[in-house]
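Contents: one structure, followed by commentary.
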Amino acid sequence: VIQANAEGHLVKIESASPGSPDPAMPATAFVKQVDAKHYAETKSWTDLRRTLMYCRTEVRFYKEILPDLSSTSSFFANATPTVWLAQYNLDGLITEDEGATDPSGTGPVDMNWMTCNSGAISGMETDQDMNTKGGFLVMEGISQKDYFQDSPITMDQAKQTLAAIAGLHAAGWENQDILIKSQERLSRGSYHLKTRNPKELAGMPEAWSSFVKAFQKLDTNGIFEKCGPDFGKRIQNLAEYICQKTSPGPTDPYATLSHGDFKAMNCFLPATKDGEQRGVVMVDFASIGVGLGMQDVAMHIHHAVRAEDLADGGEMLLVDHYLNVLNDLLQQRQSKNGKGGEKQDLYPRDVALQHYQLAVADYFRFFLGRFWKSATPELFSKKKDSKNTALINRDVDAAFAFLERVQMYVTQIEMDRKKEMEICG
């Protein structure tokens, strides 16, 4: 499996004693590797640093955070692969106390990456031993008999995946010890403003103009007119405000652990009764960190669910399903901790929907700056069967339906922001 920031290999495990194999020995393992030297040859420093941070975050999650989650809550039990070995070595590239959202600078240590060429990188190989830089995970190979991956997914499948992510959110919900540690050791989501290349935000107006020009002839419902020619600028102006609203601190209300890259292909769906007994298994925790649960929900719904399924109330049906599961789990935790009593939603729907709207608008900001600036109908068509590609980046109907919702949510966010400014004087 070759992705933009890592490579994966499914490895068959054979017993050293074929005549008497150990029944407890797994048949396969999955090895995920990040080779820093390989990516250094093709990426800018900002993009390379983000790749290395993904690697570091995932290793730290499995080694440092997941054991704490598992010891304090059963909501997340068996929802991740078993990891047997996880490590990284990024010495000389990024420091141990450097945060994922810290400014990237111009390069590692005192090097200006913009002046690097192949010779400079070869020099790093000697000075810093680039051949040993990077990281890897050796983990359980999820059974291909009991599980499958797919995208897009059905509404029933989306309910399963959203219930699974609710388990993660409930396990980390307002758990200050875990969240403070996670704030120090992990990251922010893959589409969080502070983990992205600043050029994406700077190019919002031009990206919007380019997208409109490329898809104008397919806009039969006038969505571009509703959004207006300055929609890219409006998103640009809201970006910092939305970032602040969707970046809770570890001691803030509603804070939890957000997966950060919750697409359908990062979920293994049960295909047999054995799979159903365990439930959905989630992978790729390279972007996990303190955040809002709705950031995962917003991404998942628009990455993986068909436009026709989200229409006529389908979107809110999924949001409410997630909310109901999450609030039930949080109520169970309250009761277990001796804080039962009258049932109440610990994540009130009005607050949750406001968070959801902010997260959807933020996901659009990411998509416009990262993908839609160069999108064309022809590129959509070429990627139409790519399951790892977001549906809104390969299906025109999904993209326009997404825009319809974003336009409504952005208008509401602008009104809310204006009211806040008026109150503050």
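Say whether the condition of being open to solvent by 10 Å² or more (accessible area, probe 1.4 Å) and under 20 Å from the mean Cα position of the chain (by Cα) is met by at least one residue in the stretch 341-351. Scanning the stretch 341-351 turns up no residue that is open to solvent by 10 Å² or more (accessible area, probe 1.4 Å) and under 20 Å from the mean Cα position of the chain (by Cα).
Kindly indicate whether any position in the stretch 382-390 is in contact with a helix residue (DSSP H, G or I) (Cβ under 7 Å, 6 or more places away or on another chain), part of a helix (DSSP H, G or I) and on the phi < 0 side of the Ramachandran plot. No, because not a single residue in the stretch 382-390 is in contact with a helix residue (DSSP H, G or I) (Cβ under 7 Å, 6 or more places away or on another chain), part of a helix (DSSP H, G or I) and on the phi < 0 side of the Ramachandran plot. Residues in the stretch 33-49 that are surrounded by fewer than 22 Cβ atoms within 10 Å (Cβ to Cβ) and within 19 Å of the chain's Cα centre (by Cα): GLN33, THR46, ASP47.
Residue count for the stretch 170-205, restricted to those that are closer than 26 Å to ALA307 by Cβ and part of a helix (DSSP H, G or I): 2.
Would you confirm, using the coordinates I've provided, whether PHE262 is part of a helix (DSSP H, G or I) and either charged (D, E, K, R) or under 23 Å from ALA401 (Cα atoms) (or both)?
no
Among the residues of the stretch 50-68, those identified as of a type in the set (Asp, Glu) and either more than 18 Å from ASP97 (Cα to Cα) or surrounded by fewer than 23 Cβ atoms within 10 Å (Cβ to Cβ) (or both) are GLU64, ASP68. If I filter the stretch 212-219 for residues that are surrounded by 20 or more Cβ atoms within 10 Å (Cβ to Cβ) and aromatic (Phe, Trp, Tyr), do I get at least one hit? Checking the stretch 212-219: at least one residue is surrounded by 20 or more Cβ atoms within 10 Å (Cβ to Cβ) and aromatic (Phe, Trp, Tyr).
How many of the residues in the stretch 379-425 are of a type in the set (Ser, Thr, Tyr) and farther than 21 Å from ASP350 by Cβ?
Within the stretch 379-425, residues that are of a type in the set (Ser, Thr, Tyr) and farther than 21 Å from ASP350 by Cβ number 3.
Within the set VAL11, VAL1, the sole residue that is surrounded by fewer than 18 Cβ atoms within 10 Å (Cβ to Cβ) and under 21 Å from the mean Cα position of the chain (by Cα) turns out to be VAL1. Does THR251 satisfy the criteria of being farther than 30 Å from GLN157 by Cα, among the β-branched types (Val, Ile, Thr) and touching a helix residue (DSSP H, G or I) at 6+ places or on another chain (Cβ under 8 Å)? Judged against the criteria, THR251 is a match. Taking (1) surrounded by 17 or more Cβ atoms within 10 Å (Cβ to Cβ); (2) over 24 Å from LYS194 (Cα atoms) in turn, ALA361 satisfies each apart from (2). In the stretch 257-280, the residue that is surrounded by the most Cβ atoms within 10 Å (Cβ to Cβ) out of those that are in contact with a Leu (Cβ under 7 Å, 6 or more places away or on another chain) and not hydrophobic (A, V, I, L, M, F, W, C) is SER258. Check whether at least one residue in the stretch 147-157 is in a helix (DSSP H, G or I), closer than 27 Å to ARG306 by Cα, touching a His at 6+ places or on another chain (Cβ under 9 Å) and open to solvent by less than 10 Å² (accessible area, probe 1.4 Å), and report yes or no. Looking through the stretch 147-157, none of the residues is in a helix (DSSP H, G or I), closer than 27 Å to ARG306 by Cα, touching a His at 6+ places or on another chain (Cβ under 9 Å) and open to solvent by less than 10 Å² (accessible area, probe 1.4 Å).
The values are calculated or read from the model by the stated rules, or taken from the named source; none is laboratory data. Fair warning: this is a prediction, and the values are worked out from it, not measured in the lab. In this analysis, Cβ positions are derived from the backbone assuming ideal geometry, glycine residues included, and neighbour counts consider all displayed protein chains. Surface areas here come from the heavy atoms of the whole protein model, side chains and all, with no ligands, DNA or RNA. Shrake-Rupley method; radii C 1.70, N 1.55, O 1.52, S 1.80 Å.
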